[in-house]
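Written out below as structure tokens is the structure these notes cover.
The values are calculated or read from the model by the stated rules, or taken from the named source; none is laboratory data. Source: prediction; values computed, not measured. Note that each Cβ is placed from the backbone with ideal geometry, even for glycine, and that neighbours are counted across all protein chains shown. Areas reflect the complete protein model, heavy atoms only, side chains present, ligands, DNA and RNA absent. Shrake-Rupley method; radii C 1.70, N 1.55, O 1.52, S 1.80 Å.
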Amino acid sequence: MAQQRRMGGQPMFVLSEDSQRTQGRDAQSSNIMAGKAVAESVRTTLGPRGMDKMLVGSSGDVVITNDGATILNEMDIEHPAAQMIVEVAESQEDEVGDGTTTASVLAGNLLGEAEDLIEQDVHATTIVEGYHEAARIALEAIDEQVSEVAVDDDILGQVAESSMTGKGTGGLTAEELGETVVETIRHVETDDGVARENVSVHTQVGASSNATELVPGIVIDEEPAHDGMPTDVEDASIALLDVELELQTGEVDAEYAIDSIDQLNAAIDAEEGELEGYAETIVDSGVDVVFTTDGVDDRVAAKLANEGVLVFENIGSSDAKNVASATGVSRVGSLDDLEEADFGHAEHVRTESYNDDELAFIEGGSAAESVTVFVRGGTKHVVDELERTIGDALDVVATALESGEVVPGAGATEIAIADKVRSEAAGIEGRKQLAITAFADAVDIIPRTLAANTGRDPIDSLVDLRAAHESEGRAGLITDSEDVTIGDPLEHGVVDPADVKREAVESATEAATMIARIDDVISAE
Ligand code: ADP
Ligand code: MG
């Protein structure tokens, strides 16, 4: 516990015996080491030939993934500087949805370069200034790389595919998935941009074949409340209830002292009457499909089934919200208030079973253009990774469509950044020049890693890429299923959204400069 002493009226804080303090170079180098180590841990997953990681949790749960943000999230990272690299990946994921490995690897290398500079007695402040200057030049270089081509469906498909290469696609081709992703994003495109929040991904494990399907609506894990209910309703009016359609327990005992058959019959009649009343009110309202967040008595369900009303009971609150936003239905808290004005509408409500699971599809809702990418795969690991892969692809396609800006991938943009930063560094005086050049060296890690992960020599590849960049203006390390060649990524359909690169430069620079500036770590144990 920290103690507080008073001297001359001023509070003075004294560190407790338990707290630890690391200062100066020691603090810097331990932070830098921790940050570098974390970035290093995802390096081998970068790019089309990146390897997957298997993460085993303390309770034995297993995640197999190639996704940088997921790996860093699942790792139990305690060191505060290392945690900042995890935050780089998280903010990259939140802002643009892809480029998490790129951003964290870049941050780690900026730290590595900073360490060398500190050893050469370059002050942290100079490094920070130099890095910020270099990041500004890097953003200019990205602007110069933005391709003039119109971002049409072909380019968007390439953006989706580039984000998926090297990821688990569960037996589907990246091309098939890319097409589905582009179609999905086009569905939710509005004049004000892309309503990405109206896209859901629903996974289904255990289907015999891998498939994805674009559902023009929402999918929820629910089955009809009764076997006799319709499983397919077209042009459906929809009600959403927060009403218990069951008898209040104990009601019978409370109201009738039963001592004769007549009274028993009367009691049963009263019960039946109450349940009948629920069913009648619903039928009379003219609604076709009812979602309720509460339970439905079997007898009510049976009566409604007889009348051809489809009911889903005990639905979760997020499903209720999705139903409401897709169909425009208003929630009703009492059957007395049930009226047509509250109804929502959908072109098609149907249920379908997959192995042991029953799913409800609500399609063509009248309120919002909600769409669902329905993904099926053999095992949980496959569909989980597929869900992440598709999620990234949806994000990048939305990002690219909104800004209309794409840049060449496969390391070409990074080669261009390093080149521009290096040549501008030449005109800058003093030690800051060293820091700016170091930034360029750090950016080289991306093409170097892409090369290393394909089994190529990183130094040779870098030399070849620079030469090709010099003569052709655009040069990346194009990787397909057979070959690795140097070429123009745009010609080979390897493209990334410009915003993914911008965000990576910004978030990596921010984290690296923040960590490098720290020279005193005081931690309370
Ligand atoms: P991140 O988490 O940074 O997105 P990825 O493992 O998804 O990491 O790799 C992204 C990098 O792989 C980008 O630089 C992208 O341009 C590159 N890339 C994607 N497809 C190809 C390809 N076919 N050939 C070479 N590089 C590719
Ligand atoms: Mg990616």
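Residues satisfying the criterion are present in region 385-406 (criterion: open to solvent by 50 Å² or more (accessible area, probe 1.4 Å), within 16 Å of ligand 1 (Cβ to nearest atom) and farther than 26 Å from Ile71 by Cα).
Residues are listed down the side, and each one gets a yes or a no for (1) more than 11 Å from ligand 1 (Cβ to nearest atom); (2) in contact with a Cys (Cβ under 8 Å, 6 or more places away or on another chain); (3) part of a helix (DSSP H, G or I):
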residue	(1), (2), (3)
Leu72	no, no, yes
Glu78	yes, no, no
Ile85	yes, no, yes
Glu90	yes, no, yes
Glu93	no, no, yes
Ser104	no, no, yes
Gly108	yes, no, yes
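Among residues of region 459-472 that are not assigned by TED's automatic domain parsing to the domain that holds Thr413, none has a beta-carbon under 8 Å from a residue that is crowded, with 17+ Cβ neighbours inside 10 Å and among the acidic types (Asp, Glu) at least six positions away or on a different chain. Name the residues in region 70-96 that are closer than 17 Å to Ala512 by Cβ, among the hydrophobic types (A, V, I, L, M, F, W, C) and open to solvent by less than 10 Å² (accessible area, probe 1.4 Å), would you? Residues satisfying the conditions are Leu72, Ala81, Ala82, Ile85, Val86, Val88, Ala89.
Asp342 - would you say it is over 23 Å from the mean Cα position of the chain (by Cα) and open to solvent by 40 Å² or more (accessible area, probe 1.4 Å)? Criteria not met by Asp342. Across region 97-136, the number of residues qualifying as in contact with a strand residue (DSSP E or B) (Cβ under 8 Å, 6 or more places away or on another chain) and surrounded by fewer than 24 Cβ atoms within 10 Å (Cβ to Cβ) comes to 0.
For region 369-443, give me every one of the helices (runs of 4 or more DSSP H) that falls completely inside it and has 1 or more residues that are outside the structural domain of Asp121 (by TED's automatic domain parsing) and among the hydrophobic types (A, V, I, L, M, F, W, C).
380-403
Could you please let me know if Gly170 is out of contact with any strand residue (DSSP E or B) (no Cβ under 7 Å at 6 or more places or on another chain) and not assigned by TED's automatic domain parsing to the domain that holds Ala326?
no
Out of Val300, Val329, Val311, Val290, one residue alone is in contact with a helix residue (DSSP H, G or I) (Cβ under 9 Å, 6 or more places away or on another chain), buried (at least 18 other Cβ atoms within 10 Å of the Cβ), among the hydrophobic types (A, V, I, L, M, F, W, C) and assigned to a loop (DSSP other than H, G, I, E, B). It is Val329.
Of all the criteria given as (1) out of contact with any Leu (no Cβ under 9 Å at 6 or more places or on another chain); (2) under 26 Å from Val407 (Cβ atoms); (3) away from ligand 1 (no atom under 16 Å from the Cβ), the one not satisfied by Thr173 is (3).
Filter region 51-73 for residues that are within 14 Å of the chain's Cα centre (by Cα) and away from ligand 2 (no atom under 12 Å from the Cβ) and give the result. Correct list: Ile71, Leu72, Asn73.
Within region 55-69, being aliphatic (A, V, I, L, M) and either under 15 Å from Gly166 (Cα atoms) or open to solvent by less than 60 Å² (accessible area, probe 1.4 Å) (or both) holds for Leu55, Val62, Val63, Ile64, Ala69. Looking at region 448-525, the strands (runs of 3 or more DSSP E) lying wholly inside it that each contain 1 or more residues that are more than 26 Å from the chain's Cα centre (by Cα) and crowded, with 22+ Cβ neighbours inside 10 Å sit at 476-479.
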